[in-house]
């Protein structure tokens, strides 16, 4: 076996509180999932209202402004995700003093990074708006929205560092409840400002209120988990190690953003009339992708705590068990989700074509290749190999952007889906090849795919959705959230049937109760 990974700053626990127990992955993932699913349902109801009140042009401008600022939010130097790795290990060892020193150092570093990356964006907001062909009548409110979003990105980067600290202690309940309260503020605010015709300027005010709620709830709670006695910054040795880890995470994050978010900018430039169709489809597929993705932070925290508190042997046992369950679930999730997304979006959105539905289904199929190796990726990070994600992301972004530039002029926005599908499949192969070099290996996720249940589940979902489509037509159900809900109802038994077929009912109940909760 290789050298230990646990490397506290001073080697002191810095507190008399007993070391925490290993976090419950399923419970943490459930809170994370609740924080996404509840807003998702609200957003499903709000989106038709927002499109109608803002109009297609303003709605497209909002999507472009949001995507632009989300891209710049990735410029945190890789600090956010890298910090989670260290915070989790320190949490396992109950090293609060080292946690405080690391947090103070990172807050200083992230302040400098924000000044360099966000200030030019704020200054040149009007140039960005004109580049994406913003009509003159909407230019002032679009520029205002971009400037507000840029400032809020800076606040959010610092706050998210504290949220990572909470999550490393498996305080997912608090961070999730905070997100829910912030989203409730957003939902009520959007209805208020759009009903009064306040346009994109009103949307900006809503974002300010939403971020204020999150900040006031996260910051005081997180600061209770660190010890500030004899405060000083981390050592130069740890700073170099952290920076060497973080820049690879930063590059990987930027590449992932280019792969999944940057394509919106390509469509905005090459096929601007289809942004209003592409946006909902891409967002819907991303939301479905993020439902299982919500388990990754609890998995990383669990494995980091186990490694810091019990050693690599226990961590390997945890990782192997978690990956097996992860692969089985992801296969069923995508097998049910991709066909259900196609039928559901057609029943949901008041759009002239089925382009949004085709984009969502194709992108969700592509997300399979991004999701299936994620436990291996988390394991690689614990072994200080973030380059696994970085290199695979590089393959993904080159393939996505290159193929999108070729396919969008010929196929329109749907071409992005095929570009992402090919690129993510190639990135998956790269991950499989690179992880062979890990000192302690997990089984390949390919060997854990239940092929026959997966094929039957996809076929059954298509038939179930066709039947529900006939019911919707027979009952003259109008487009909107209810039609989408009916398609979800048709798909849910297929997912449950798949899980029963792969686990067995008794084992499935046992997994929920104990297997990930020990």
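Ordering 346-354, 465-473 by mean Cβ neighbour count within 10 Å, with the highest value first, yields 346-354, 465-473.
From helices alone, the chain scores -27500 deg cm²/dmol at 222 nm; the rule is -39500 (n - 2.57) for each run of n ≥ 4 DSSP H residues, then divide by the residue total. For the pair residue 406 and residue 384, label points projected 7 Å from Cα toward Cβ lie 4.0 nm apart. How would you classify segment 331-466 from its alpha-carbon gyration tensor, with a ≥ b ≥ c the square roots of the eigenvalues: rounded for a/c under 1.5, else prolate if a/b is greater than b/c, otherwise oblate? Since a/c reaches 1.5 but b/c is at least a/b, the shape of segment 331-466 is classed as oblate.
Just check segment 98-152 against the gyration tensor rule for me: Cα atoms, a ≥ b ≥ c as the square roots of the eigenvalues, rounded for a/c under 1.5, and otherwise prolate or oblate depending on whether a/b exceeds b/c. Prolate is the answer for segment 98-152, as a/c is 1.5 or above and a/b outweighs b/c.
Between residue 310 and residue 221, the simple label model (points 7 Å from Cα in the Cβ direction) yields a spacing of 2.6 nm.
With a Förster radius of 45 Å applied to the C-beta separation of residue 482 and residue 433, the computed FRET efficiency comes to 0.45. Segment 276-308 and segment 208-254 have Cα centres separated by 20 Å.
Can you give the FRET efficiency for residue 155 and residue 37, using 1/(1 + (r/R0)^6), R0 = 25 Å, r = Cβ-Cβ distance, to the nearest 0.05? Efficiency, rounded to the nearest 0.05: 0.45.
Shape descriptor for segment 160-201: Rg over Rh equals 1.23 (Cα atoms; Rh from the Kirkwood inverse mean 1/r).
Between residue 470 and residue 291, the modelled labels are 2.5 nm apart [label points 7 Å from Cα along Cα→Cβ].
Across the chain, C-alpha contacts under 8 Å between residues 6 or more apart give a mean separation that, scaled by the residue count, equals a relative contact order of 22 percent. Full extension of the chain segment joining residue 52 with residue 116 gains 19.3 nm, where the gain is 0.36 nm per residue of separation less the Cα-Cα distance. Taking a point 7 Å out from the Cα of residue 139 in the direction of its Cβ, the residues of segment 193-237 whose backbone N falls within less than 18 Å of it are 200-201.
When peptides 134-141, 366-373 are sorted by average Cβ neighbour count within 10 Å, with the highest value leading, the order is 366-373, 134-141. The stretch between residue 212 and residue 426, if pulled fully straight at 0.36 nm per residue, gains 72.9 nm over its current Cα-Cα span. Taking only the Cα atoms of segment 18-244, the radius of gyration and Dmax are 19.5, 62 Å. When the Cα gyration tensor is reduced to axis lengths a ≥ b ≥ c, the ratio a/c is 1.5 or higher for the chain, and with a/b not above b/c it is classed as oblate.
Full extension of the chain between residue 500 and residue 447 gives 17.1 nm of extra length, using 0.36 nm per residue less the Cα-Cα distance. Which FRET efficiency value, to the nearest 0.05, do you get for residue 107 and residue 236 by plugging their Cβ-Cβ distance into 1/(1 + (r/R0)^6) with R0 = 22 Å? The formula returns an efficiency of 0.75 here.
Throughout, read-outs are computed from the coordinates displayed, never taken from laboratory work. This one's a predicted model, so the numbers in the text were calculated from it and none came from an experiment. Neighbour counts are summed over all protein chains in view; Cβ atoms, including those assigned to glycine, are modelled from backbone coordinates with ideal geometry.
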